[in-house]
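Data first, discussion second: the structure below is written as structure tokens.
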Amino acid sequence: MKKIAIMAPTRNLEMSVLHIEAGASELYLGLNGRVINSDFDNFTFNARFNRMDGIPVQVESVEELGRIVDYAHANNVKINYTANLHYMSAILKKDFDRYIDIGLEVGVDALILSNFGVMRYLRDRKIDLPILAGVFLFTPNIEQTKFLQDLNVDRVVLPQNITFEEICEFKAKTDFSVEIFGHFGGGTNCGRCMALHSPTIKDIGPGCRAGFNVYIDEKLDAEKFYFLDGAADCCLCSVPDLMKAELDVLKIVGRESPIPSVNAATTRMYEIVQDYTLAGMTMPEIRNKLSREEDVWDEIWVTRYCERKRCRFKKTPITDSYII
Amino acid sequence: MKKLEIRVTDYSKLLDDEFLTRIKEIGVDVISFGNEGCYLHLPDIDTVETIMRKTDEFERKAIIPVAFESHFDKVCRYVDQVAEKVNAIVVNDYGTLRHIQDTHADLNLNISLGTGISFSYEFTPWYAHIFEPESSQIADSFLRSNMDNEWMYSFFERHTNNNFEIEIPVLPHILNSSDNLKEKGYRIGILLNGVLITIARACPTARYFKMMAGACREVCLKKIDVAFTHRWDFFKSDIIEIQPRVREMIPDMKVFGNSMYMKNSETSLESARQKADTLIYDTRFYESTDMMITMIEEQFAGV
């Protein structure tokens with residue numbers, strides 16, 4: 001049994017150091033669109049806006065990007081460069097070329113892309129860096145990966161509501177490296193969900209986790225109801241099974257995290273559960289150990305994920321609602 | 001000549017002679033059945049056979065929902081069974097598109113790209129606010145159809161059979177893409193009733209009614225409206241009430257099964273009628289057949 005690579009988010013060198021020290025073996029990041037074109041305000045060339053709720057999400061300069069790449073490579077950590085908008089118009093071709101070229105110049109290791117047209121374009125430009133087909137491409141079935149084969153893609157990121165059995169199918173029936181969102185993420189079919197987290201109005205937040213009044217046959221039936229929220233946020237207890245399934249990469253989200261040290265603690269939790277598993281411990285034993293030794297376990301994990309039944313691969317009201 | 005299409009998810013309507021007679025009388029050319037989001041709400045093959053027998057005066061179109069790996073084989077079997085019976089198939093994921101291309105190339109099926117894969121940032125209910133600070137060049141780039149750019153044209157030309165209808169709803173920016181798409185040879189199907197905001201594998205309707213997905217068919221046709229009232233707060237790990245001014249700017253939404261919609265832009269209706277090759281009315285958005293027919297007669301007259 002081998003360890004699953006943890007891919008962690010970053011937006012600056014400090015956050016990169018925290019995640020690398022916590023055990024990440026890959027980082028993902030993007031560059032602020034304003035570095036390329038001062039017309040960009042919220043938008044850039046990747047799946048996150050430049051700021052979320054006032055917090056920067058992107059690397060703010062080419063120099064900082066270079067420093068992160070150098071530090072990561074010195075620590076044998078790979079850098080995945082995000083260019084994974086749902087789609088992009090060739091109106092911005094010159095700017096997009098510059099965005100990609102900057103990544104190439106500083107030495108990123110792979111590109112995260114989420115659009116077949118963009119993949120086609122970059123392969124036509126003879127860019128031979130590995131391509132990771134991001135979650136915004138939305139790859140719900142193996143048949144779709146035939147297009148990815150045609151485009152010489154290396155890794156497929158599976159949708160957030162994928163089942164454990166489906167992960168095993170992708171591993172068994174394709175040659176792709178397989179990545180999942182390990183912790184947090186959306187509750188709808190991300191990539192084909194336009195209930196986007198608003199960067200301009202803090203009062204909107206991520207639409208898929210919003211509260212709604214629900215009317216049945218025009219009569220108010222429920223108030224303040226998490227109607228869309230099908231986010232299965234945590235897979236920590238399934239890590240031993242995912243290791244047995246030979247999952248390749250587990251992604252931690254949070255480029256917009258207001259407290260990077262807390263975000264890095266998530267990376268650390270997924271890393272140490274793997275270490276304990278390799279040391280021969282069972283998951284109940286690991287949970288007991290975490291409860292004794294890790295403050296975040298009782299303070300965050302138990303209250304936010306366990307008690308709220310946010311398990312990604314266990315039977316819960318959320319996973320019961322999956323269309324299987 | 002524009003075509004008039006009626007989309008039906010309550011399949012009992014397609015077995016009802018009176019319904020079929022009435023829609024024939026108003027000039028409906030095409031009947032489509034199925035949905036974008038859930039294979040569990042497809043008609044079984046016996047029902048499809050009956051629908052075929054009763055609707056042979058119409059062109060028929062099967063809508064295939066987005067399919068996950070766990071049920072992809074079942075969806076493909078359904079596609080294989082209906083492919084020879086219908087004139088067109090609407091796909092909502094690229095795997096289904098690939099399957100049809102590789103398996104049914106000989107049928108020369110008309111394929112429509114449904115709004116499971118054809119969309120725009122304009123489908124975000126609060127898109128206008130997201131784009132407010134952006135330049136017109138950036139807004140123009142991102143508010144067009146995701147299919148309307150030279151890179152996607154190149155992808156489709158080189159990797160698919162490239163003979164598509166593209167379904168788009170009535171929204172001002174995405175309609176601007178339709179001229180470019182038509183120039184490239186695509187036909188345009190205009191969805192006149194709703195804009196698909198999101199689809200969820202974790203079905204919100206099944207969860208709301210505390211049912212397992214699969215045992216929820218009885219609630220799938222329920223009329224559910226939702227109003228956005230609270231936002232998620234990461235620190236509290238809970239939701240908090242949004243300000244009235246924000247609440248007012250978010251349109252109310254409709255839910256059918258695992259798919260959520262908002263209303264079309266009425267001010268763009270005339271432009272949509274002009275650009276459409278097919279005008280598509282969805283029965284789910286009408287209280288009754290009478291109301292739908294009245295609306296069609298008003299809107300379709302003179303087209």
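Do the conditions hold for A:Asp101, that is, is it more than 17 Å from the chain's Cα centre (by Cα) and surrounded by fewer than 20 Cβ atoms within 10 Å (Cβ to Cβ)? Considered against the rule, which asks whether it is more than 17 Å from the chain's Cα centre (by Cα) and surrounded by fewer than 20 Cβ atoms within 10 Å (Cβ to Cβ), A:Asp101 comes out as yes. Within the stretch A:172-215, being among the hydroxyl-bearing types (Ser, Thr, Tyr), part of a loop (DSSP other than H, G, I, E, B) and more than 18 Å from B:Glu132 (Cα to Cα) holds for A:Thr174, A:Thr188.
Of B:Ile190, B:Ile240, all but one fail to be out of contact with any Pro (no Cβ under 7 Å at 6 or more places or on another chain) and surrounded by fewer than 21 Cβ atoms within 10 Å (Cβ to Cβ); the exception is B:Ile240. Output yes when any residue across the stretch B:123-135 is in a helix (DSSP H, G or I), within 15 Å of the chain's Cα centre (by Cα) and at the interface with chain A (Cβ under 9 Å from one of its Cβ atoms), and no when none is. Yes: the stretch B:123-135 contains one or more residues that are in a helix (DSSP H, G or I), within 15 Å of the chain's Cα centre (by Cα) and at the interface with chain A (Cβ under 9 Å from one of its Cβ atoms). The set of residues in the stretch A:162-197 being touching a strand residue (DSSP E or B) at 6+ places or on another chain (Cβ under 9 Å) and facing another protein chain (nearest Cβ under 8 Å) consists of A:Ile162, A:Thr163, A:Phe170, A:Gly187, A:Thr188, A:Asn189, A:Arg192, A:Cys193, A:Met194, A:Ala195. Scanning the stretch A:283-299 for residues that are more than 12 Å from A:Arg268 (Cα to Cα) and among the aliphatic types (A, V, I, L, M) yields a count of 2.
Okay, residues lined up against (1) closer than 29 Å to B:Pro133 by Cα; (2) more than 19 Å from the chain's Cα centre (by Cα); (3) of a type in the set (Phe, Trp, Tyr):
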| residue | (1), (2), (3) |
| --- | --- |
| B:Arg144 | yes, no, no |
| B:Asp148 | yes, no, no |
| B:Glu157 | no, yes, no |
| B:Ile166 | no, no, no |
| B:Pro172 | yes, no, no |
| B:Asn176 | yes, no, no |
| B:Glu183 | no, yes, no |
| B:Leu192 | no, no, no |
| B:Met212 | no, yes, no |
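Name, by its number, the condition in (1) over 21 Å from B:Tyr261 (Cα atoms); (2) surrounded by fewer than 24 Cβ atoms within 10 Å (Cβ to Cβ); (3) more than 9 Å from every other protein chain (Cβ to nearest Cβ) that does not hold for B:Pro172. The failed condition is (1).
Okay, residues lined up against (1) within 26 Å of A:Asp53 (Cβ to Cβ); (2) among the basic types (Lys, Arg); (3) buried (at least 22 other Cβ atoms within 10 Å of the Cβ):
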site	(1), (2), (3)
A:Cys168	no, no, no
A:Ala172	no, no, no
A:Asp175	no, no, no
A:Phe181	yes, no, yes
A:Gly187	yes, no, yes
A:Cys193	yes, no, yes
A:Ile201	yes, no, no
A:Ile204	yes, no, yes
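Meeting the requirement of 1 or more residues that are in contact (Cβ under 8 Å) with a residue 60 or more places away in the chain and either more than 16 Å from the chain's Cα centre (by Cα) or at negative phi (or both), the strands (runs of 3 or more DSSP E) wholly within the stretch B:236-303 are B:253-256, B:259-263, B:278-282. Scanning the stretch A:78-98 for residues that are surrounded by 23 or more Cβ atoms within 10 Å (Cβ to Cβ) and more than 11 Å from chain B (Cβ to nearest Cβ) yields A:Ile79, A:Asn80, A:Tyr81, A:Thr82, A:Ala83, A:Asn84. Annotation for the stretch B:123-132: no member residue is in contact with a Lys or Arg (Cβ under 9 Å, 6 or more places away or on another chain) and modelled with pLDDT under 95.
Condition check ((1) without any contact (Cβ under 8 Å) to a residue 60 or more places away in the chain; (2) more than 7 Å from chain A (Cβ to nearest Cβ)) across all residues:
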{"residue": "B:Lys182", "(1), (2)": "no, yes"}
{"residue": "B:Tyr186", "(1), (2)": "yes, yes"}
{"residue": "B:Asn193", "(1), (2)": "no, yes"}
{"residue": "B:Ile199", "(1), (2)": "no, no"}
{"residue": "B:Cys203", "(1), (2)": "no, no"}
{"residue": "B:Tyr208", "(1), (2)": "yes, no"}
{"residue": "B:Met212", "(1), (2)": "yes, no"}
{"residue": "B:Val219", "(1), (2)": "yes, yes"}
{"residue": "B:Ile224", "(1), (2)": "yes, no"}
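The values are calculated or read from the model by the stated rules, or taken from the named source; none is laboratory data. Remember, predicted model here, so these are calculated numbers, not experimental data. With ideal geometry, Cβ positions are generated from the backbone for all residues, glycine too; neighbour counts draw on all protein chains shown.
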